[in-house]
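Beneath this line is the structure, given in structure tokens, with notes to follow.
Since every read-out is calculated from the coordinates, none of them should be taken as a lab result. Everything numeric here is computed off the predicted structure, so don't read it as measured data. Every residue, glycine among them, receives a Cβ derived from its backbone with ideal geometry; neighbour counts consider all protein chains shown.
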Amino acid sequence: MPKTPTAAKPPRHGSARAPRRARAMAAPQAERFLHLLAAGNPAPETELLYSDPFTLLVAVVLSAQTTDAAVNKCTPSLFAAAPTPAAMAALGAEGIAPHIRRIGLWQAKARNVAALAAQLVAEHGGAVPGERAALEALPGVGRKTANVVLNVAFGEATMAVDTHIFRLGNRTGLAPGRTPRAVEDGILRKCPPALLRDAHHWLILHGRYICKARAPECWRCPAAAECNYRDKVPAPAG
């Protein structure tokens, strides 16, 4: 008789949609965890290339389900062709598309960027608004994108939860939650106000380069002593 196929084992360290969840940190432990991350990177910055709030907004919209590195390969030519909302609206989706074909969902993103540029011109005098409601009313802009723009361009202490922070919040116990909003709210409750603006960058960069999805490099983690993840990965032999 044919063997009954066995269900695939879940990834050892969790997945993007179902990250491993550790015991939740109390606020004092969360603060110590963040201070340890901060010590190695006291002035963190976004890795997206931009020159002003508009180019930042476009870059963040393009980065959805795409790496910052891939976006950075596309935006120099796009911003050279259309550096302002008026120029981008005039370029239109058909003119934007050739610049961004190398990134995921490029067709929908071309339409959104053209539409948001036109809306900025029509409703905001060509300026990027610094209010959440106005940002989230733009095509292609959700809560995460608005949080990034408010944080980076306007200096607000917001927490944009991407796949890296969602995974890290659960895996480390910093702010376990079933949804990005739950993780965001958990971090906001535990993070001291003085650390909050930079915490967005510390956590994204830590998740991108050390607390990776498939194989976290726990032996390199500066905050391992305060992390509640039980299956920490030791340094490779040799």
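To the nearest 20 debye, what is the magnitude of the charge dipole of the chain about its Cα centre, counting +1 on the Cβ of each Lys and Arg and -1 on the Cβ of each Asp and Glu? Walk me through the numbers before you get to the answer.
Working: 29 positive and 17 negative charges, 305 e Å.
My answer is approximately 1460 debye.
Once both labels are modelled 7 Å past Cα along the beta-carbon direction, what's the residue 35-residue 49 spacing in nm?
3.9 nm
What number, in percent, do you get for the relative contact order of the chain if the mean sequence gap of Cα pairs under 8 Å and at least 6 apart is divided by its residue count? Present the calculation step by step, with values, prior to reporting the outcome.
On the way: 339 pairs, mean separation 63.6, N = 238.
Reported as a whole number, the value is 27 percent.
Relative to the present Cα-Cα distance, how much length would full extension add between residue 137 and residue 90 at 0.36 nm per residue of separation? Spell out each step's value before the answer.
Details: separation 47, 0.36 × 47 = 16.92 nm, distance 2.05 nm.
This chain segment gains 14.9 nm when fully extended.
Express the Stokes-Einstein translational diffusion coefficient of the chain in µm² s⁻¹, to the nearest whole number, given a Kirkwood radius over alpha-carbon pairs, 25 °C and a viscosity of 0.890 mPa s.
My calculation gives 128 µm²/s for D.
Cα centroids of the stretch 189-238 and the stretch 82-132: how far apart, whole angstrom?
35 Å
Given the DSSP H assignment, sum -39500 (n - 2.57) over each helix run of at least 4 residues in the chain and divide by its residue total; what's the result at 222 nm in deg cm²/dmol, nearest 500?
Roughly -16500 deg cm²/dmol at 222 nm, from the helical runs in the chain.
I want to check the label-to-label distance for residue 185 and residue 102. Put each point 7 Å from Cα in the C-beta direction and report it in nm to one decimal.
Reported label-point gap for residue 185 and residue 102 is 4.1 nm.
Just to be sure I follow: if Rg is taken over the C-alpha atoms of the stretch 160-230 and Rh is the Kirkwood radius over the same atoms, what is Rg/Rh?
Radius of gyration over Kirkwood radius for the stretch 160-230 works out to 0.93.
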